[in-house]
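Here the structure is laid out as structure tokens; the discussion comes afterwards.
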Amino acid sequence: MKARAAVAHKAGEKLTVEDVQVEGPREGEVLIEIKATGVCHTDAYTLSGKDPEGLFPAILGHEGAGVVVDVGPSVKSLKKGDHVIPLYTPECRQCSYCTSGKTNLCQAIRATQGRGLMPDGTSRFSIGKERIHHYMGTSTFSSFTVLPEIAVAKIREDAPFDKVCYIGCGVTTGIGAVINTAQVRPGDNVVVFGLGGIGLNVIQGARMAGADIIVGVDINPKRRELAERFGMTHFVNPSEVAGDLVPYLVDLTRGGADFSFECIGNVKVMRQALECCHKGWGTSIIIGVAGAGEEIATRPFQLVTGRVWKGTAFGGARGRTDVPKIVDWYMEGKIKIDELITHTMPLDDINHSFDLMHEGESIRSVVLF
Ligand code: NAD
Ligand code: DAO
Ligand code: ZN
């Protein structure tokens, strides 16, 4: 069948919106009509060419929502008409990672997903004779996409696609990092570095968890007002701090953060995030994705004296289990999403969403199909 998609032909070039061929679902796969997709920093990172795993040509996008329009043989958990969110982190519930109960990093389709292919080693996308790669197993910048059943979360039908698509990455990553990975408890003090699409969700997760002091750190002063509405209690602009940022944050949190979160992808900030943690127990969670080849550094004594360095992917969430619950939280008014979707646009204008992101103007742009 024909679909309309934004295609990334080469690293560093703009996407081109064009017709692509999409093959129907094979064994264990479903065809999804995408209704809305967010545009995340990670799409921009891959498009820029900095992603060592980036493959071209590809259809990017990993923050979508839509409707199942066809199912392949042996699909049991989904049917035509189901409302769904595609998952870049699948949940097979059978591999040793899933059954360990220790991680959300299901490995069932990891090898082929990393090569931009479906689990049988082929692509469902083409333009003429040219094969187009899938991206993160989701390729939501296409009006139709194909996913394995194990990488699809079924959601309630009254949830608006143009809002809950954001749960496909940013919302779940930020809130999940607080609840699943850090397990912030009432009264904890938290520092969040980077108040963009991820960091603001960390802030709202910290507020939900009952954190006491919630410090937000960002070089963009425009982020302050929204972060305050999401629960930030103190704003710090590093360029306005005289002297070192780390001791300033240690003072502000009365001895150091119980938890800090790096939501930028900057290895220098990752060090500050670790070192502003409380001696003896403070834990720093890396969420940001750093450039290829970059490394983190600190003095080992920081760890000897009890600080802990951790990371999280997709907020530690098990997608098929947790994503429908997060959609319920939104529908019940327990979490905010609308305020973070600052721009919407048709697929034809998708390149504008990358400009807005680079200019620091948007939190989330959502493309409507
Ligand atoms: P974003 O661009 O919306 O936000 C980044 C924020 O950091 C901006 O507000 C910017 O002003 C601020 N910033 C930049 N440099 C800074 C500095 N030196 N000090 C303080 N603030 C600074 O990006 P986002 O969509 O929120 O994504 C953040 C990071 O998270 C990216 O690296 C993205 O790839 C990554 N990410 C990780 C996961 C995961 O599962 N681990 C999931 C999604 C995104
Ligand atoms: O299982 O080895 C693995 C890789 C899982 C990939 C998880 C990616 C999470 C971070 C990338 C940013 C997502 C938008
Ligand atoms: Zn698994």
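Amide H to amide H, with H built 1.01 Å from N, Thr344 comes under 5 Å of Val366, counting only residues 5 or more places away or on other chains.
May I ask you to list the trypsin sites (Lys or Arg not before Pro) in segment 207-282 that are in a DSSP loop and have at most 15 other Cβ atoms within 10 Å of their Cβ? Display every interim value, and only then the final one.
On the way: sites: Arg207, Lys222, Arg223, Arg224, Arg229, Arg254, Lys268, Arg271, Lys279; in loops: Arg254, Lys279.
Those satisfying the criteria are Arg254, Lys279.
The 3J(HN,Hα) values that the Karplus relation (6.51, -1.76, 1.60; θ = phi - 60°) gives for segment 9-23 are, in residue order, 7, 9, 4, x, 9, 5, 6, 10, 8, 8, 7, 10, 8, 10, 7 Hz. Gly and Pro appear as x. Over all Cα atoms in segment 141-279, the spread is summed up by Rg and Dmax: 16.6, 53 Å.
Label point of Thr342 set 7 angstrom out along Cα-Cβ; within segment 190-219, amide nitrogens under 12 Å from it belong to 195-198, 200. Model label points for Glu27 and Val67, set 7 angstrom from Cα along the Cα-to-Cβ axis, are 3.0 nm apart. Residues whose amide H falls under 5 Å from that of Ser260, counting only those 5 or more places apart or on a different chain, are Val191, Thr283, Ser284, Ile285, with hydrogens built in the peptide plane. For the chain, the antiparallel share of DSSP beta bridges with both residues in that region comes to about 55%. The GluC sites (Glu not before Pro) of segment 113-205 meeting both criteria, a DSSP state outside H, G, I, E and B (loop) and at most 12 other C-beta atoms within 10 angstrom of the site's C-beta, are Glu157. Put simply, the amide H of Ser362, placed in the peptide plane, has neighbours under 5 Å in Met357, leaving out anything fewer than 5 places away on its chain. Comparing His62, Gly170, Met118 along the charge dipole axis of segment 47-170, the residue lying farthest to the positive side is Met118, per the Cβ-charge model. Here is how the number arises for the chain: DSSP H runs of 4 or more residues each give -39500 (n - 2.57), the sum is divided by the residue count, and the result at 222 nm is -6000 deg cm²/dmol.
Coordinate-derived values only; no laboratory data. Quick caveat: nothing in here was measured; it's all calculated off a predicted structure. Note that we place each Cβ from the backbone using ideal geometry, even for glycine, and neighbour counts take in every protein chain shown.
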